[in-house]
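Structure first, then comments.
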Amino acid sequence: MLENCKNAAERWGGVNDLIDKWLKERQALIVSLCDLSVNPGSSQENKAEKFQSFCQILVDYVSVGHFEVYEQLVAEAAEYDDGGLELAKKILPRIVMSTEQSLAFNDRFDDIHKVDDGIEGLIKELDSLGKTLEERFELEDTLIEALHAVHADTTA
């Protein structure tokens with residue numbers, strides 16, 4: 001997953017500062033997810049801090065996607081009117097589903113001290129969320145690649 005993130009940054013890194021920053025945030029999200037999955041922490045307090053940090057990065061990432069990156073990409077697609085809007089209309093609803101799962105995870109696990117099934121429950125749901133995020137990243141990459149390729153051809 002991290003390698004795909006690096007490849008995406010290399011392909012689209014120069015598109016604009018917003019996407020550059022967002023892809024770096026994605027990388028931080030992946031690193032935090034992997035760290036949490038492999039080493040949730042030794043003490044209950046350490047685990048709580050790691051989960052809260054992950055949840056904050058997660059919410060920031062999905063928020064920037066929806067309220068900044070996707071809006072910009074859709075606006076560009078509308079401006080160029082060259083097929084990008086149709087693709088966005090197909091992909092964005094699928095991304096929204098992953099956003100809902102991400103926010104539900106955050107709502108449930110933002111305060112680890114209130115979780116009934118403890119760390120074991122978190123790890124199981126974290127694994128499921130990881131798979132959802134991997135799909136989301138692929139959809140986002142498809143959206144960015146298609147819109148960038150379409151616009152790059154138009155402006156060249």
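Values quoted throughout were computed directly from the atomic coordinates according to the rules given, and no laboratory measurement underlies them. Nothing here was measured: the structure is a model prediction, and the numbers come from that model. Note: ideal-geometry Cβ built from the backbone for every residue, glycine included; neighbour counts use all protein chains shown.
Can you pull the one-decimal nm distance between simple spin-label points at residue 75 and residue 16, each 7 Å off the Cα toward Cβ?
Inter-label distance under the simple model: 0.6 nm.
On full extension of the chain, what length is gained from residue 90 through residue 45, given 0.36 nm per residue of separation minus the C-alpha to C-alpha distance?
Value of the extension gain: 12.0 nm.
With 32 Å as the limit, write out which pairs from 47/90; 21/124; 90/131; 47/89 have Cα-Cα distances beyond it, or answer none.
From the list (47/90; 21/124; 90/131; 47/89), the Cα-Cα distance tops 32 Å for 47/90; 47/89.
Full extension from residue 103 to residue 52: what is 0.36 nm times the residue separation minus their Cα-Cα distance, to one decimal in nm?
Contour length minus the Cα-Cα distance gives 17.1 nm.
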